[in-house]
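For reference, the structure discussed in these notes is given below.
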Amino acid sequence: MITLEGITKVYRAGEVEVPALKGVSLHIPEGEFVAIMGPSGSGKSTLMNVIGCLDQPTEGRYILDGYDVSALTDDQLAWIRNRKIGFVFQSFNLIPRVSAAHNVEMPLIYAGDSVQRRERAMAALESVGLLDRAGHLPNELSGGQQQRVAVARALVTDPAILLADEPTGNLDTESSLEILKLLRDLNQQGRTIVLITHEADIAAFAQRVVRLRDGVIVSDERQALAAELVR
Amino acid sequence: MSIIEGLRLAVNGLLSNRLRSGLTMLGILIGVSAVILLVGVGNGASVAVQQQIQSLGSNLLTVFPSNARGAGGVQQGFGTGSTLTLDDVKAIANRQSSPDVVTAIPSAGGRAQLTFGNQNWNSSLTGTTEDFPSVRNYPLASGQFFTAGDVDASSKVAVIGQTVVTNLFSGEDPIGQVIKINRQSFRVIGVLAQKGSSGGFNNQDDVVVVPITAAWNYLLGGRGRNVQQIYVEATSAEATSAATTEVTQVLLDRHHISDPAQADFQILSQQDVLNSASQTTGVLTLMLGAIAGISLVVGGIGIMNIMLVTVTERTREIGIRKAIGARRRDILMQFLIESMFLAGLGGALGILVGFGLSRILPLAVSSLPTPIISMPSVFMAFGISVGIGLFFGLYPANRAARLRPIEALRYE
């Protein structure tokens, strides 16, 4: 599903070159729930940008769902983001002016997909249990509800992977647990999920934890499921 | 992303900041209504001037004698010579030598003191021949015009204009009454229909018309039997230049002048007057339009300003949209449609306001010529306002489209 081969990323700050990733190779098969962990400055945000096709690697190959992403144009990357990746951000990133339903619908608008758009958006909202909030504006919803709307938006195009960047960072414990359970359920339905976090107890929900430090992978291990999640 | 989606987004974006959108639109609204109103005023003035000139007859040529030369070759005033005669008029009217001329009439006159009963009035006297009503485009309101027989017999009959009627007669029928013109008795046989001002200082209704022979014999004593002007009626407005050539040739031959530069007469056509007048009013319209156009450009800059603010404000939104799959084109379209919609709506409202003002303003300012709004100028104004939205929206929209998603997402 995801194959990274020798990915490096070098940022340029004036004269100084700052290497953020120093040769990362990683394979994530379909249906896996992977947590990428690391302290700030470890390069995990950069890795998330590369995996999310928001940024191009300086060197290396990245193959996502059969597409070699390293050599695509801006518009092609936009297409990949639209069809293959569902984003869940720490700060929800919903558009405040439009309703929850319209927010969920938005990726379909850019996909040029007009067939049953509203119905599909409603189905996605239903799958996160927010059908009754479809007409509300984001600021009329709680943090947990907003993040569930964001998950619905990420799911609506039926993407290859769900990329969650600190999805619980702005939420209280209860809402965090709600979101993590939602991600787990989605994974059990066969969805590939990449979770980026710096908290070990969040990473504990994943089947596999990849630890990053100073731009390189320092550990990659499978783990038993967190006990409290096994129903 | 479809156009309808784009429009929905644009309306949504504009409604989220009603006051700002409204004020920005006002800039375009004022510009467009100013263009429509001022161009309308210019057109109105142009049409009014043309109508006044055409009321004299657009197929009319006027032949003046050249300036007389006094002792030592001193040039006298325009048309002061006395080189034209009644025979010249007959020669010009001959269709053999001048096929593009319908007929020609002489004119000689001056100021005349009129009295009737205890009323008196000073008016403009014209001595002419029987074709005066058709050549000078003066229909009769009542009675009749004098005939060729009256001209031959130098009958003391007169036809008077409406201003003379109101000043000399208090409600009586002037037909058949005998008035005194410079103390000579003339019988009124006809009244000319109302004609209105010619646009100059002379009132075309303040006239008294008599046979030219009677004018020579009884009224213009001492000045001889000279013709001050010849009015020539060409077959059509288009034929005036051909008629001018023919009349010139006839008169050169008759006056035994071989070099046209030495001609002892001048010909002025209404077409010439009309053309120069249209040119003047055309420049006027253009100037008014240009001044109004400046306000339209200022309105456009207002749109650009606001769109730049909007793009900055929505940087994060642009990042989100790009992250979930919006292409450059989608973002470009979103902001372009927004600015074009803003300008287009302002333009449409401006057209309505322009229409309204062009109705209301002449009621308030009576000296203003009635504005004439031409449909092309309305469509042009609307097109230009949408074009302004496009032009001034392009830079902000492009700036939005080029934002890099990770930076836009990080923007606070």
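Laid out as a table, the results:
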item	result
Residue tally, condition closer than 24 Å to A:P138 by Cα, of a type in the set (S, T, N, Q) and at the interface with chain B (Cβ under 8 Å from one of its Cβ atoms), over region A:47-99	2
Of the criteria (1) among the hydrophobic types (A, V, I, L, M, F, W, C); (2) assigned to a helix (DSSP H, G or I); (3) closer than 30 Å to A:K84 by Cα, which one B:A326 fails	(2)
Qualifying residue in region A:88-103 (condition: at pLDDT 90 or above, in a helix (DSSP H, G or I), surrounded by 23 or more Cβ atoms within 10 Å (Cβ to Cβ) and among the hydrophobic types (A, V, I, L, M, F, W, C))	yes
Residue count, region A:149-177 (criterion: more than 14 Å from the chain's Cα centre (by Cα), within 14 Å of A:D201 (Cα to Cα) and surrounded by 19 or more Cβ atoms within 10 Å (Cβ to Cβ))	1
Unmet criterion (only one of (1) assigned to a helix (DSSP H, G or I); (2) more than 14 Å from chain A (Cβ to nearest Cβ)) for B:I406	(2)
Count of residues meeting criterion [part of a loop (DSSP other than H, G, I, E, B) and modelled with pLDDT under 90] in region A:10-37	2
Only one of B:S358, B:S339 that is surrounded by 15 or more Cβ atoms within 10 Å (Cβ to Cβ), hydroxyl-bearing (S, T, Y) and either within 14 Å of chain A (Cβ to nearest Cβ) or under 16 Å from B:I28 (Cβ atoms) (or both)	B:S339
Residue under evaluation A:Y110, criteria (1) without any contact (Cβ under 8 Å) to a residue 24 or more places away in the chain; (2) of a type outside the set (D, E); (3) within 10 Å of chain B (Cβ to nearest Cβ), criterion not met	(1)
Strands (runs of 3 or more DSSP E) completely within region B:123-236 that count 2 or more residues being touching a residue at least 24 places away in the same chain (Cβ under 8 Å), surrounded by fewer than 18 Cβ atoms within 10 Å (Cβ to Cβ) and among the acidic types (D, E)	none
Condition check for A:A134: closer than 30 Å to A:T173 by Cα, away from chain B (no Cβ under 13 Å) and hydrophobic (A, V, I, L, M, F, W, C)	yes
Residue among B:I36, B:I28 that is more than 13 Å from chain A (Cβ to nearest Cβ) and in contact with a Phe, Trp or Tyr (Cβ under 9 Å, 6 or more places away or on another chain)	B:I36
Test: residue in region A:94-104 that is farther than 19 Å from B:G319 by Cα and in contact (Cβ under 8 Å) with a residue 12 or more places away in the chain	yes
Region B:292-327, subset touching an Asp or Glu at 6+ places or on another chain (Cβ under 8 Å) and under 20 Å from B:R8 (Cβ atoms), residue farthest from the other protein chains (Cβ to nearest Cβ)	B:M307
From the options B:I388, B:I373, residue that is crowded, with 18+ Cβ neighbours inside 10 Å and over 26 Å from B:A10 (Cβ atoms)	B:I373
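The values are calculated or read from the model by the stated rules, or taken from the named source; none is laboratory data. Keep in mind that what you see is a predicted model, and the values were worked out from it rather than measured. Using ideal geometry, Cβ is built from the backbone for each residue, glycine included, and neighbour counts are taken over all protein chains shown.
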